[in-house]
Amino acid sequence: MLKIGVIGCGAIGREHIRRLTNLVPGAVVVACSDYWRKSAEETAGQYGIQNVYDTGEELIAAKDVEAIVITSSDSSHAAYVLESLKHGKYVFCEKPLAQKSSDCEKIIAEEIKHGRRLIQVGFMRRYDRGYAEMKRIIESGELGAPLMIHACHRNVSQTDGFQTEMGITNVAIHELDICRWLLGDEYKNAQVLKVRQSARSTKGYDNPQIVLLETSGGCRIDVEVQVADAYGYDIQCQVVCEQGTIDLPDPSAVVKRANAARSFPILTDWADRFIEAYDIELTEWMQAVGKEKLTGPSSWDGYAACVAADTLNRSRGTNRFLEIEMIGKPDLYQAR
Ligand code: NAP
């Protein structure tokens, strides 16, 4: 059994502890911690976790903790990843890898010193069957070259303290990863635009925003980002190719026919929308750790999304595209 410590026992921390405990073969959660100790204690009680630590650093250093899952708030990720690397432990870090690309560069530099990958980033959409099938069709070439992507990310609510920049670093970061993964290409330039603001959004952050990207190969991408106040949690993606289009399927739902209308419910919670993808993601991470060969989203992928996010946030208000500048891709992250 792989002994895992989880830092952050909030919404997704508890979800991941549940799946590691009940679903993922070979995993046992032996430790947890949270800024809010009561939350960690409750979670430990619920899932029979032996040890609760006051700090993430103590958990990382604990002798019986073999691998770390980081599900604390965005601003804490980079420091915990770097601390885990000091101890040479495997890490599954929820997105984003860091809030600034300079922190991702530090992580990459430290990981390279180990000569092997130790970090996986929680870009779970890559494990969603719909996105996986879209990628298969693109790579088969049956529809010709991909030309553009239209995507949208609509959400119901955000927690207090949410800010405009987080619409990119915390929310659109999923699209920043999945679009470059679908296309197998890096970004060349980016711009974020403010549009007419929803009268329903009264919390002081921009909502909605539109993200525009161009890849090195010349594909254009537009992403509508509604971080809150939408009708549901609705993720859409259409890839336009030379000979046809590919659409992300909606989650399956019962269709009701009544009152001269056909209707089906739209989900409201992110945890339900990608529930199967999270299960597959953690199961494959565990198997990869067992083989000591990680294959999922890497620190490089976390970095690429973060550079794009940094650039987008710098572009706000300039009304122009800014060039995306990345460091050279180290050998460790080249496809093998
Ligand atoms: P959450 O419900 O607020 O939980 C985060 C927990 O971590 C809170 O209990 C928080 O305590 C605690 N915490 C904050 N800083 C900490 C630190 N330095 N050390 C230890 N604990 C700390 O948030 P969440 O929705 O679970 O999100 C957690 C992370 O997962 C975020 O980075 C988020 O972006 C990511 N996420 C990913 C997905 C996905 O689809 N892949 C979905 C949801 C969330 P306090 O409340 O006291 O600060």
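Ordered by 1.4 Å accessible area with all protein chains kept, Ile173, Ile112 run largest first as Ile112, Ile173.
Beta-bridge orientation, the chain: approximately 50 percent antiparallel, per DSSP, counting only bridges with both partners inside. Restriction of the trypsin sites (Lys or Arg not before Pro) in segment 228-302 to DSSP coil positions whose beta-carbon has at most 15 other beta-carbons within 10 angstrom yields Lys291, Lys293. Note down the net charge around Tyr127, summing +1 for each Lys or Arg and -1 for each Asp or Glu among other residues with Cβ under 11 Å from its Cβ. With Lys, Arg at +1 and Asp, Glu at -1, the neighbours total -2. Helix 11-22 and the longest principal axis of the C-alpha atoms of the chain enclose an angle of approximately 60°. Considering only C-alpha atoms, what is the centroid distance from segment 273-316 to segment 134-148, in Å? Cα centres, segment 273-316 to segment 134-148: 22 Å.
If you fit an axis through the alpha-carbon atoms of helix 77-86 and take the longest principal axis of the Cα set of the chain, what angle between them do you get, 0 to 90°, nearest 10? Around 40 degrees separate the two axes.
Using a probe of 1.4 Å on the protein chains alone, the accessible area found for Lys106 is around 110 Å². When only Cα pairs below 8 angstrom with a gap of at least 6 residues are kept, segment 121-262 shows a relative contact order of 35 percent.
Springs between alpha-carbon pairs under 10 angstrom, Gaussian network model over the chain: which of Glu186, Glu42, Glu284 fluctuates most? With Cα springs under 10 Å in the chain, the top fluctuation among Glu186, Glu42, Glu284 is at Glu42. Its alpha carbons considered, the chain gives a radius of gyration followed by a Dmax of 20.0, 65 Å. Of the three principal axes defined by the Cα atoms of segment 24-140, the extents in descending order read 49, 33, 26 Å. All C-alpha to C-alpha distances of segment 104-226, sorted into 5 Å bins beginning at zero, yield P(r) values of 2, 9, 17, 18, 18, 15, 12, 6, 2, 1, 0 percent in whole numbers. With N the number of residues in segment 176-263, Rg(Cα) / (2.2 N^0.38 Å) evaluates to 1.38.
The solvent-accessible area of Phe162, taken with every protein chain present and a 1.4 Å probe, is close to 20 Å². Between Thr268 and Lys113, what FRET efficiency comes out of the Förster formula 1/(1 + (r/R0)^6) with R0 = 56 Å and r the beta carbon distance, rounded to 0.05? Using R0 = 56 Å, I get an efficiency of 0.80. Counting only alpha carbon atoms, the long axis of helix 37-47 and the longest principal axis of the chain meet at about 90°. Counting charges near Arg14 (Lys, Arg +1; Asp, Glu -1) among other residues having Cβ under 14 Å from its Cβ returns a value of -3. Counting only DSSP H runs of at least 4 residues, each contributing -39500 (n - 2.57), and dividing by the residue count of the chain, the helix-based mean residue ellipticity at 222 nm comes to -10500 deg cm²/dmol.
The values are calculated or read from the model by the stated rules, or taken from the named source; none is laboratory data. Since we're looking at a predicted model, the values are computed, not measured. Neighbour counts are summed over all protein chains in view; Cβ atoms, including those assigned to glycine, are modelled from backbone coordinates with ideal geometry. Keep in mind that these areas ignore ligands, DNA and RNA; they rest on the heavy atoms of the full protein, side chains included. Shrake-Rupley method; radii C 1.70, N 1.55, O 1.52, S 1.80 Å.
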